[in-house]
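Enquirer: Here's a structure for you.
Every number here is computed from the coordinates shown, using simple stated rules; none is lab data. The model shown is predicted, which means the values in this text are computed figures rather than measured ones. A quick note on method: Cβ atoms are made from the backbone with ideal geometry, for glycine too, and the neighbour counts reach across all protein chains shown.
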Amino acid sequence: MSVSKGTEKQLDELEVKRKAVKLVVAHLKKKVTKEYMGIQYLIGWLEEMDELLKKEEFDIKEYYAMRRQLNSVIESTMDGEMRTKLRNSWYSLGKALDKKVKPY
């Protein structure tokens, strides 16, 4: 019985992380309000992230890989304003992946 409780908590924690990541991605999409040089890299990253979020399983390694890819997108962004917005989202994505289930 204690094994199932541990599994339940693990699933809850993964779901918390998934929801937090979805929220960060939704906010990131709202931040992109203009065309800028390099936007195609962000659009590609967002498409990949949407596909990852559709998967049933939550493999934290895949999400960390996507966070590293977002860093590459940031490096290819020349627009200073968008670079700052993307950097903030990169930071928020890291915090989302560190989310824990709140104890009852």
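Enquirer: Please report, in debye to the nearest 20, how large the charge dipole of segment 31-102 is about its Cα centre when each Lys and Arg carries +1 at its beta carbon and each Asp and Glu carries -1 there. Walk me through the numbers on the way to the answer.
Expert: Working: 14 positive and 13 negative charges, 103 e Å.
Approximately 500 debye in magnitude.
Enquirer: Now a separate question. On a 0 to 90° scale, report how tilted helix 2-31 is relative to the longest principal axis of the chain, with both axes built from alpha carbons and the result rounded to the nearest 10.
Expert: 20 degrees
Enquirer: Right, something else. Relative to the longest principal axis of the C-alpha atoms of the chain, give the angle of the C-alpha long axis of helix 60-75, reported between 0 and 90° and rounded to the nearest 10°.
Expert: Helix 60-75 and the main axis of the chain meet at about 10 degrees.
Enquirer: With labels modelled as points extended 7 Å from the Cα through the Cβ direction, what inter-label distance (nm, one decimal) is found for ASN71 paired with LYS29?
Expert: A separation of 2.6 nm, rounded to one decimal place.
Enquirer: Quick check: net charge around GLN69, other residues with Cβ under 12 Å of its Cβ, Lys/Arg +1 and Asp/Glu -1? Please report the intermediate quantities before stating the final value.
Expert: On the way: positive: ARG67, ARG68; negative: GLU47, GLU48, GLU62, GLU75.
Here the charged neighbours net out to -2.
Enquirer: Using the Kirkwood formula on the Cα atoms of the chain, what hydrodynamic radius do you get, in angstrom to one decimal?
Expert: On the way: mean 1/r = 0.0683 Å⁻¹.
About 14.6 Å, per the Kirkwood formula over Cα pairs.
Enquirer: Calculate how steeply helix 80-97 sits against the longest principal axis of the alpha-carbon atoms of the chain, using the helix alpha-carbon long axis, and give the answer as 0 to 90 degrees to the nearest 10.
Expert: Result, in degrees: 10.
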